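The values are calculated or read from the model by the stated rules, or taken from the named source; none is laboratory data. On a predicted model such as this, the values are computed, not experimentally measured, just so you know. Every residue, glycine among them, receives a Cβ derived from its backbone with ideal geometry; neighbour counts consider all protein chains shown. In case anyone asks, the SASA skips ligands and DNA or RNA and just uses the protein heavy atoms, side chains included. Shrake-Rupley method; radii C 1.70, N 1.55, O 1.52, S 1.80 Å.
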Amino acid sequence: MRRANPEITRQARRTSLRIVLLATTAVCVTGWIFAPLMASAQAQADVTSRFDIAAQPLGSALTQFADRAGMRLIFASQLTAGRISAGVSGSLTHEAALERLLEGTGLGFRFSGVNTVTIIDPAAEASAGVAADGSTMLDAIDVTAGADRTAKSGRGFQGTPDWVYETPEAVSVVSTDSLDANPARHGNDLLDDVSGTYTADNPQDPGINVNVRGLQDQARVNTMIDGVRQNFQLSGHGSTGYTYLDPAMIRAVEVEKTVAAGAGGAATLGGQVDFRTVTADDLLDPGDSIGGEVEGTTGTNAYEFSGSILAAARASDTLSFVGGVSHKKLGDYDIGHNGEIAGYFGPVTEPADYTGSDIWSGLFKAEIVPDDEQSLVLSWLGFQGDYATGTGQYIDTNTTTNHTLRTGYEYDPLSPFVDLKANLWYNDTHVSQYRPARTNYGAFDVDYRMRSVGVTLENTSDFQLADRMLSVNYGLEAFRDDTTSASAGSDPTDDPDGAWFAGAMPEGTRSVASLFSSADYAVTDWLSVGAGLRYDAYDLSATALMWDGTTSSYYEENVASSGGRLLPSASVTISPTGWLDVFASYSEGYRPPAIMENAASGTHIGSAGQFYAPNPDLEAEHSTTWEVGANLRLDDLLAPGDSLRMKLAGFDRRVENYISLAVVTPNPLVYTNINAANDSRFKGVELEANYESDRFFVGGSYSYLDADLDTSYTYHYVVIPGVIEGDAESEGGLFIYVPPKHKATAQAGMRFLDERLTLGGRVTYSGPSVYRGSAGHQSDIDGFTVYDIFGSYDFNETATLNFAVSNITDVAYADTLGNPNFGAPGRTATMSLKVRF
């Protein structure tokens with residue numbers, strides 16, 4: 001086992017500390033600058049806005065009022081139950097508008113802060129009395145201006161909540177409740193229907209690799225679990241970045257397709273994907289002290305078993321616990337029989353060898369809410385997966401563990417100037433691999449490990465500027481990745497220097513820190529503008545194992561890299577009516593090189609004369625993205641209570657300095673990571689739509705992507721020094737994935753028996769995609785069309801039976817961005833039972 005240079009490690013720690021101290025100081029200065037502005041906030045009661053709120057249930061009317069007025073409303077859920085608001089229309093002061101909204105309901109209100117209103121029942125207060133601070137409400141609902149991004153699910157296609165269609169940016173949400181009727185065989189299945197989003201499918205590996213608008217791997221897309229970065233990267237013969245989790249522990253997946261102006265946007269190019277785990281509120285009904293759910297699934301085509309038990313307990317009004325365990329056992333599935341898949345080595349046959357896995361996962365949370373202003377969450381999510389990888393006679397066995405720990409604190413007092421969120425997190429991904437003996441060398445035990453630690457701190461302050469709302473979000477995020485690797489062979493003479501496994505995960509440290517600030521201002525009732533500025537900085541140090549041809553031996557070389565960049569962003573939103581938003585934005589992203597990109601080294605496993613070299617001069621990737629789009633929200637369109645929701649977005653993204661693996665000398669054969677000579681460009685259009693009524697539902701998504709990914713570069717060759725040498729242009733781009741130009745999903749269904757029975761169908765189309773694999777040649781993966789049917793039956797309020805048949809026509813195909821040597825599962829029937837208690 002090789003150890004990182006101690007001096008480099010100490011330098012990295014000192015640099016990380018300086019970065020964090022600088023970031024903390026800057027945020028404190030930012031708060032000091034904003035402090036004087038707090039004193040100038042104006043009373044909301046006299047501010048005038050234009051309102052157009054139709055007659056509707058009072059709860060939803062109050063939500064619309066809070067959004068339009070830019071205010072925070074607090075009210076007890078029982079106060080609005082069964083009450084109808086007559087609505088309000090016209091230009092009115094906020095106080096007058098709220099009076100009209102509550103007219104005839106018997107309710108009143110009081111200003112409990114500069115920007116906060118509490119809805120009250122005067123009759124109940126007169127009989128019961130009110131505390132001195134006015135806080136007599138139980139089960140209070142807190143409605144804050146803007147889209148309520150705490151809602152995890154809705155009805156219909158993908159279970160997307162309404163806030164998605166109120167947010168002026170390209171964001172998608174998948175609720176796992178919507179997938180109950182069609183259980184996910186692989187974690188990648190969670191994202192199949194999301195527009196602009198793809199997964200690099202490896203059916204042998206249970207990890208999830210997400211591609212957003214043509215970008216993936218090396219943390220180009222920030223993939224997270226509850227806001228905790230999953231930065232694990234391991235090079236091999238395919239995609240490098242994997243996130244390990246069991247869908248049973250997930251309640252929603254949130255996808256942002258541009259670089260976030262706030263937390264989560266550091267060191268990324270293509271947006272972020274956040275997997276949200278189960279909380280106490282997901283399992284407990286109001287007033288319950290204990291509750292949970294048990295679910296079991298089985299099926300055909302080697303879908304052997306998937307089961308989970310989740311439970312929550314509310315120990316007191318301030319303390320809740322959540323715990324759970326899940327187990328999934330899958331075998332080697334059969335591919336479809338209708339058609340043929342052309343793999344690297346000829347037609348793909350069945351079964352799909354070594355596509356089974358045995359996965360266990362665990363979850364624990366403590367949720368502490370000491371008062372209405374504060375909350376604290378302590379959480380752990382664990383994963384262990386046993387699976388095999390490889391083809392032919394050489395099959396490696398793997399055990400992968402992933403541990404995600406998070407402490408999250410929120411403080412939101414009755415002040416428009418403080419909405420504080422802080423997160424401290426740690427993630428540990430460990431792959432233990434056994435490689436059986438080959439014909440030319442013995443067996444090896446290999447360990448790869450990445451440990452990451454990070455912190456985010458952000459605050460949102462709301463101000464009145466010219467009688468309009470100005471919302472400012474500012475903060476910092478910082479994290480550090482540490483990588484280690486070790487190998488032990490049965491024959492010590494096979495790889496005495498550890499060079500065979502040095503390049504897959506070089507030992508090193510990368511620290512990233514980011515300061516950010518953004519402001520959104522409501523210029524008028526129908527026009528909002530925003531602007532932001534982020535500064536990202538990084539520092540990387542690693543140890544590379546280099547070959548010295550003159551001595552025919554390896555030596556260690558220290559590799560260091562650092563840099564930083566200012567990243568502006570801007571946006572504008574026009575809302576001419578209450579049901580339409582038109583938005584446009586500009587953003588920039590910055591991705592520093594990963595440890596394995598800067599410090600690739602050693603040689604290919606078992607081979608001589610093929611080497612990997614570090615490149616400390618790699619430039620960070622930089623992206624610019626223009627986006628335009630629209631949200632559409634229509635209610636009571638064809639029948640009372642129905643709804644139509646639609647989000648349309650178009651984008652144009654350029655990436656400079658795209659990094660890929662390439663040959664730099666042919667003899668001896670040396671690979672290194674290079675920056676592309678030209679910009680890469682990604683253009684596309686995305687659509688998601690959902691129509692929902694009591695009796696039937698229709699939904700779907702469509703993605704168009706034109707990806708022009710440049711991997712050209714220039715290298716210097718030397719045959720005879722001073723005689724035959726020069727520069728040559730070539731193409732790199734090993735392990736490059738190009739999504740299809742067209743991808744679409746359509747889903748429809750009906751409900752029967754008082755909505756207890758649901759029956760539906762889905763059709764999925766994907767055009768050809770490109771896999772540029774380990775041999776360096778391009779392979780086209782054919783497009784496909786797949787049909788599924790699904791349904792569910794509610795026996796009662798606590799027990800539900802779900803059933804589905806996927807790929808009902810048994811088509812033989814390889815998944816989008818998948819390895820062409822493996823086909824996707826053929827026809828598979830599943831049945832699951834979920835019981836709530």
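For the range 219-229, in order, what is each residue's ³J(HN,Hα) by Karplus, 6.51 cos²θ - 1.76 cosθ + 1.60 with θ = phi - 60°, in whole Hz (x at glycine and Pro)?
6, 4, 10, 7, 9, 9, 10, 6, x, 9, 5
Based on the Cβ-Cβ distance from Val582 to Gln78, what FRET efficiency comes out when R0 is 51 Å, to the nearest 0.05? Each step should come with its number before you reach the end.
Working: r = 38 Å, r/R0 = 0.75.
Taking R0 as 51 Å, the efficiency between Val582 and Gln78 is 0.85.
Pull out the extension gain between Thr551 and Ser607, defined as 0.36 nm times the separation in residues minus the alpha carbon to alpha carbon distance; nm, one decimal.
Working: separation 56, 0.36 × 56 = 20.16 nm, distance 1.82 nm.
Taking Thr551 through Ser607 to full extension adds about 18.3 nm, to one decimal.
If I compute solvent accessible area with a 1.4 Å probe over the protein chains, what percent of it on the chain is carbon and sulfur? Before the final figure, lay out each step's value.
Working: 19210 of 34020 Å².
The computed percentage sits at 56.
For the range 663-706, what is the accessible area per residue in Å² when the probe is 1.4 Å? The partial results should precede the final answer.
Numbers: 1840 Å² over 44 residues.
For the range 663-706, the solvent-accessible area averages 42 Å² per residue.
Which value, in Å² and to the nearest 10, is the accessible area of Asp419 when all protein chains are kept and the probe is 1.4 Å?
Looks like 40 Å² after rounding.
Between Thr524 and Asp652, what is the FRET efficiency for a Förster distance of 25 Å, r being their Cβ-Cβ separation, to the nearest 0.05? Please report the intermediate quantities before stating the final value.
Working: r = 28 Å, r/R0 = 1.12.
FRET efficiency, Thr524 to Asp652: 0.35.
Distance check, please: which entries in Lys743/Lys834; Lys647/Lys743; Lys257/Lys421; Lys328/Lys834 exceed 21 angstrom between their Cα atoms?
From the list (Lys743/Lys834; Lys647/Lys743; Lys257/Lys421; Lys328/Lys834), the Cα-Cα distance tops 21 Å for Lys743/Lys834; Lys257/Lys421.
Cα-based Rg of the range 584-696 per 2.2 N^0.38 Å, rounded to two decimals?
Numbers: Rg = 23.5 Å, N = 113, 2.2 N^0.38 = 13.3 Å.
With N residues counted in the range 584-696, Rg over 2.2 N^0.38 Å equals 1.77.
Please give the charge dipole size of the chain, origin at the Cα centre, charges +1 on K and R Cβ atoms and -1 on D and E Cβ atoms. Round to the nearest 20 debye. Walk me through the numbers before you get to the answer.
Details: 55 positive and 106 negative charges, 111 e Å.
Here the size comes out at about 540 debye.
Can you tell me the accessible area per residue over the range 391-467, all protein chains present, probe 1.4 angstrom, in square angstrom? Each step should come with its number before you reach the end.
Details: 3320 Å² over 77 residues.
Roughly 43 Å² per residue, with all protein chains present.
Test of understanding: what is the full-extension gain from Ala466 to Asp372, defined as 0.36 nm times their sequence separation minus their Cα-Cα distance? Don't skip to the end; give the middle numbers.
Values: separation 94, 0.36 × 94 = 33.84 nm, distance 3.07 nm.
Length gained between Ala466 and Asp372: 30.8 nm.
In 10 Å bins starting at zero, report the fraction of Cα pairs in the range 408-525 per bin as a rounded %.
Pair shares across the bins are 12, 26, 18, 15, 12, 10, 6, 2.
State the label only: which of (i) 89, 87, 61; (ii) 114, 58, 53; (iii) 93, 61, 47 corresponds to Cα extents along the principal axes in Å computed from the shown model?
(iii)
Going by average Cβ density within 10 Å per residue, which order do the peptides 739-748, 508-517 take, highest to lowest? Numbers along the way, then the final one.
Details: 739-748: 20.5, 508-517: 25.4.
Highest-to-lowest ranking by the protection proxy: 508-517, 739-748.
Within the range 572-608, which residues have the backbone N less than 11 Å from the label spot 7 Å out from Arg50 along Cα→beta-carbon, could you tell me?
Under cut-off, by backbone N: 575-578.
Whole number in Å², please: accessible area per residue of the range 240-291, 1.4 Å probe, ligands, DNA and RNA not counted. Write down the numbers at each step before the final one.
Numbers: 1240 Å² over 52 residues.
On a per-residue basis, 24 Å².
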